[in-house]
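So the structure is just underneath, and the comments pick up after that.
The values are calculated or read from the model by the stated rules, or taken from the named source; none is laboratory data. Quantities reported herein were computed from a predicted structural model and do not represent experimental measurements. Cβ placement follows ideal geometry from the backbone for every residue including glycine, while neighbour counts extend to all protein chains displayed. Quick note on the areas: whole protein, heavy atoms, side chains included, nothing else; ligands and nucleic acids left out. Shrake-Rupley method; radii C 1.70, N 1.55, O 1.52, S 1.80 Å.
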Amino acid sequence: MIPAQFEYEAPGTLAEAVALLAQDPEGTKVLAGGHSLIPAMKLRLAQPQRLVDIGRIRELSYVREQADQILIGALTTHYELESSELLKRICPLLPDCAGSIGDVQVRNKGTIGGSLAHSDPAGDWPAAAISLNADVVLVGPKGERTMKAVDFFVDLLTTALQPGEILREVRIAKPQGRFGHAYQKVPHPASGFAVVGIAVNLSLNSDGSCSAASVGVTGVASKAYRPRAMENALAGKQLDEQTIVAATAHAGGHDGPRSAGRFRT
Ligand SMILES: Cc1cc2nc3c(=O)[nH]c(=O)nc-3n(C[C@H](O)[C@H](O)[C@H](O)COP(=O)(O)OP(=O)(O)OC[C@H]3O[C@@H](n4cnc5c(N)ncnc54)[C@H](O)[C@@H]3O)c2cc1C
């Protein structure tokens, strides 16, 4: 399949991109790495009148520290996150998650902003972002707004982005004190997407007990979610096998697993 006809613009700055989107917010789509949007266009699931390719906007590609936060530009690729020495040192969950995505080609082109904006129910970044209590910064014709990632994901392939808005930045508080975290997924053998993926962050007291737990789950519901009952079952406890096994019984979350018919093939 080839996509339906569309116009193409490749602005050099974020301000230009916002202005182009404002000309026809409903008919225009942002193009980042293109690894989700182009396949959707080829299948005619998406038929934008115009693409605004943000791939040349260098000001959207960075990973940096600012005070107690980690700032990640939306156009930062999965590979740049996987290989970031800064992140390996201060927030290794992010390189862990990035390294689990697709294959080398996908990681070289796909972006964290594109992945979050796409809100694929089996995407890896949504689980990591909500488990780290990330904020997302959105910019549009009316200016900028910041919201919690957990509120950004509305439903299957649906986010709180309004027509004309661009996801500009992801902000994460630097993990402090004694902490441990990991991203694990069961990849689908054909697509590599998560049949189930889970991001876990644990803060530890000096005696090794868990002071707080935050968890993000992807692959099993219409969007990534935080299983609060699982987090509560870990907080305040010594993390022995019995506690961990008991906590996993609560991983299902509020809206339950997807039916088998909706899993990727
Ligand atoms: C073979 C293959 C395997 C894959 N495996 C995995 C996997 O294992 N795990 C996984 O999580 N993903 C996987 N992906 C998806 C991949 O991670 C995509 O890169 C990602 O979902 C979308 O990022 P992108 O930069 O390519 O976005 P695009 O495809 O360019 O855009 C996706 C959507 O987001 C919108 N958008 C993009 N950037 C912005 C922005 N900054 N602001 C507002 N809207 C924006 C677009 O308009 C579009 O609607 C795979 C893809 C392929 C082709």
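Taken as a whole, the condition of being farther than 30 Å from L202 by Cα and surrounded by 18 or more Cβ atoms within 10 Å (Cβ to Cβ) does not apply to A98.
State which residue is nearest to I72 (Cα to Cα) when the search covers only the stretch 150-161 and only residues that are touching a residue at least 60 places away in the same chain (Cβ under 8 Å) and of a type outside the set (V, I, T). Residue satisfying both the conditions and the ranking: F153.
Quick check: is even one residue across the stretch 78-94 more than 6 Å from the ligand (Cβ to nearest atom), free of Cβ contacts under 8 Å to residues at least 24 places away in the same chain and not in a helix (DSSP H, G or I)? Yes, the conditions are met somewhere in the stretch 78-94. Going through (1) open to solvent by less than 20 Å² (accessible area, probe 1.4 Å); (2) in contact with a strand residue (DSSP E or B) (Cβ under 6 Å, 6 or more places away or on another chain); (3) aliphatic (A, V, I, L, M) one by one, A117 falls short only on (1).
Looking across the stretch 220-238, the residues that are open to solvent by 50 Å² or more (accessible area, probe 1.4 Å) and not small (G, A, S) come down to R228, N232, K237, Q238.
Scanning the stretch 1-23 for residues that are charged (D, E, K, R) and open to solvent by less than 50 Å² (accessible area, probe 1.4 Å) yields no hits at all. Which residues, taken from the stretch 120-149, are touching a strand residue (DSSP E or B) at 6+ places or on another chain (Cβ under 8 Å), surrounded by fewer than 18 Cβ atoms within 10 Å (Cβ to Cβ) and touching a residue at least 40 places away in the same chain (Cβ under 8 Å)? Within the stretch 120-149, just N133 meets the criteria. Looking across the stretch 28-42, just one residue is in contact with a Pro (Cβ under 8 Å, 6 or more places away or on another chain) and exposed (fewer than 14 other Cβ atoms within 10 Å of the Cβ), and that is K42.
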